[in-house]
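The values are calculated or read from the model by the stated rules, or taken from the named source; none is laboratory data. Predicted model only: the values in this text are computed from it and were never measured. Cβ atoms come from the backbone with ideal geometry, glycine included; neighbour counts cover every protein chain shown.
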Amino acid sequence: MWRGQRVSVVFPTYNERESIHDAIVEFQQSGYGDEIVVVNNNAAPGTNEEVRRTSARLVHEPQQGYGHAIRRGFKEATGDLIIVSEPDGTFRGNDVPKLLTYSDEFDVVYGSRTHRQFIWGGANMGLFLRWGNYVVAKMMEFLFNANHLSDVGCTMRLIRRSALALIEPDFKVGGSFFGPEMMLLSLIAGQTMVQIPVHYVKRVGTSSVTGDPVKAFRLGLRMIALILEYRLRAWLQPGAFKCYGAARGAARGTARGATQATRGTPRAVAAERSPS
C-alpha cells in the first residue's frame, strides 16, 4: 500500500527458475506490495514450484513473448499502481519506494540502467548495450520532444492504473520490444512521465536476448524501426492511436471543468467585469 493506493508487482518469467523465489521475497520485503503476480510464459520446468513457495499469485500466459506476458500481467493485477520488473536478480526491491515516490507526481515512472553509479559489478551492461540503449533513447527523446530519456530497454517501471487504461487499447507488440512501445504510447498520449536511475545487478543465469550480442543488435534495430514507425504514424495518422484522441479529450474536459469551477468566484467575477 502506498498512501492509500494498492500496489501490484508483475513478474514475467521464462528462464528464471533459479532466481524467482528470491526476487519475490526481496520485493515483498520492500513493504509496499499488496500483491505479486507472476506470469508463467512457458517457463522452465520447476518454476511453478519455486513460485508456490511464496505468497505470489501464479497465472499462465501460453502466447510466447515478453510483451504478451506483461500484457497478461496488467490484466491480472488489481492495484492502483502497477510495478513491472524482472525476477532474474538484476533489479532490487529497494528501488520500489523510489518508483512510488515519483508516482505522486507522474503517471508513469520508467527506470534507467545506464547511469554508471547504479551498475553493479558483473551486470550485463557493457559498452555496446549501455551506449546502444542511451543513443536509441536520445533518438526517441528528440523525435517526440520528450523529457530526459536515457534507456529504452529497462524493464523496471511503474504505471498508474488510469494511465494504463488509456494506452492499453493501443498495445500491439508481443515480443521483447514491448517496453519501448509502452514508452512511445505514453509520449503519444501526452502522459506525465519521468525516467529515473535504478540499480542494475548481475543476472542469475543467462538472458535469452541480451546474453547474445547478435540478438541484442537485432533487437536494437527493431526498436529503432518501431520508434520511426510510431513517429510517422503519430504525424500522418494520429487517429490511428486511440490514446491520442482520448488524452486530448480528457485534457480539454479538465480545462473546461477548471474554467467552470472558477466562474462565480470573486477573482473570476472581477476579471469578467474588468474592461478589456
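Before moving on, here are some points about what is shown:
- Wholly enclosed helices (runs of 4 or more DSSP H) of the stretch 2-104 bearing at least 2 residues of a type outside the set (D, E, K, R) and touching a helix residue (DSSP H, G or I) at 6+ places or on another chain (Cβ under 6 Å): 20-28, 66-76
- Search result, residues across the stretch 37-90 that are free of Cβ contacts under 8 Å to residues at least 24 places away in the same chain and either closer than 15 Å to Ile159 by Cβ or within 16 Å of the chain's Cα centre (by Cα) (or both): Lys75
- Annotation note: Cβ proximity below 6 Å between a residue of the stretch 145-162 that is surrounded by 18 or more Cβ atoms within 10 Å (Cβ to Cβ) and a residue that is small (Gly, Ala, Ser) and in a loop (DSSP other than H, G, I, E, B) (sequence gap 6+ or interchain) occurs for Met156/Ser85.
- Val204 aliphatic (A, V, I, L, M) and farther than 16 Å from Ile82 by Cβ: yes
- Single residue of Gly132, Gly174 found to be out of contact with any Cys (no Cβ under 7 Å at 6 or more places or on another chain) and modelled with pLDDT under 95: Gly132
- Identification of helices (runs of 4 or more DSSP H) wholly contained in the stretch 121-194 with 2 or more residues that are out of contact with any strand residue (DSSP E or B) (no Cβ under 6 Å at 6 or more places or on another chain) and of a type in the set (Val, Ile, Thr) yields 127-143.
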